[in-house]
Amino acid sequence: FQQKADDKDIVFKCDDGSGNLAEYFRLDGANVRTLFSVNAEFSDNVKAKFGSGDDLEIYHDGSDSYIKDSGTGDLKIQGDNNVYIGSTGGEFYFRGIKDDAAVLYFNNSSKLTTTNTGALVTGDLEIANSSDGIILESPNGTRFRITVDNSGNLSTTSL
């Protein structure tokens, strides 16, 4: 297929299942892009690849779904407002709230929330098998280490 008119399109139409014609996709010559007017469906293990080195892949293998970044640089998920990661049923795993908190959830219940002064933990904070203990620092910079020995005895050490 070739179209030689400046800033014109090639439009692909097909039956829409009810005897009418519908646009499925268009090659937009004026804006140099491809526009899809209906869903594009990829079979299992067929990857949508992005980047000149196929650095980013999105696919489903029949069991699991993947967003795979194998190129240089970072995989960034960005939004101009809030960013949510959760289940299709509405349960949150993570919420990033613009100019506010980042929140981690367990069973749709907020457990760790960043604040303008640090972080808020809802429920117990457990540090397992730590031989180094916990370091606390006062507003004037004085630091202490709190440790628990195998017998359950607490001790503090000035740092």
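Numbers at a glance
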{"read-out": "Segments classed as strands (runs of 3 or more DSSP E), wholly inside region 53-159, with at least 3 members that are closer than 27 Å to SER43 by Cα and either open to solvent by less than 80 Å² (accessible area, probe 1.4 Å) or in contact (Cβ under 8 Å) with a residue 60 or more places away in the chain (or both)", "value": "56-60"}
{"read-out": "Looking only at region 35-52, and only at residues there that are surrounded by fewer than 10 Cβ atoms within 10 Å (Cβ to Cβ) and either in contact with a Pro (Cβ under 7 Å, 6 or more places away or on another chain) or polar (S, T, N, Q) (or both), the one that is nearest to LYS13 (Cα to Cα)", "value": "ASN39"}
{"read-out": "Residue match in region 63-76 (condition: modelled with pLDDT of 95 or more and among the small types (Gly, Ala, Ser))", "value": "yes"}
{"read-out": "LYS8 within 22 Å of the chain's Cα centre (by Cα) and either in contact (Cβ under 8 Å) with a residue 60 or more places away in the chain or more than 30 Å from TYR105 (Cα to Cα) (or both)", "value": "no"}
{"read-out": "Residues of region 25-52 satisfying the condition of being under 30 Å from LYS4 (Cβ atoms), in a loop (DSSP other than H, G, I, E, B) and of a type in the set (A, V, I, L, M, F, W, C)", "value": "ALA30, VAL32, VAL38, ALA40"}
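The values are calculated or read from the model by the stated rules, or taken from the named source; none is laboratory data. This one's a predicted model, so the numbers in the text were calculated from it and none came from an experiment. With ideal geometry, Cβ positions are generated from the backbone for all residues, glycine too; neighbour counts draw on all protein chains shown. The area values use the complete protein model at the heavy-atom level, side chains included, leaving out ligands, DNA and RNA. Shrake-Rupley method; radii C 1.70, N 1.55, O 1.52, S 1.80 Å.
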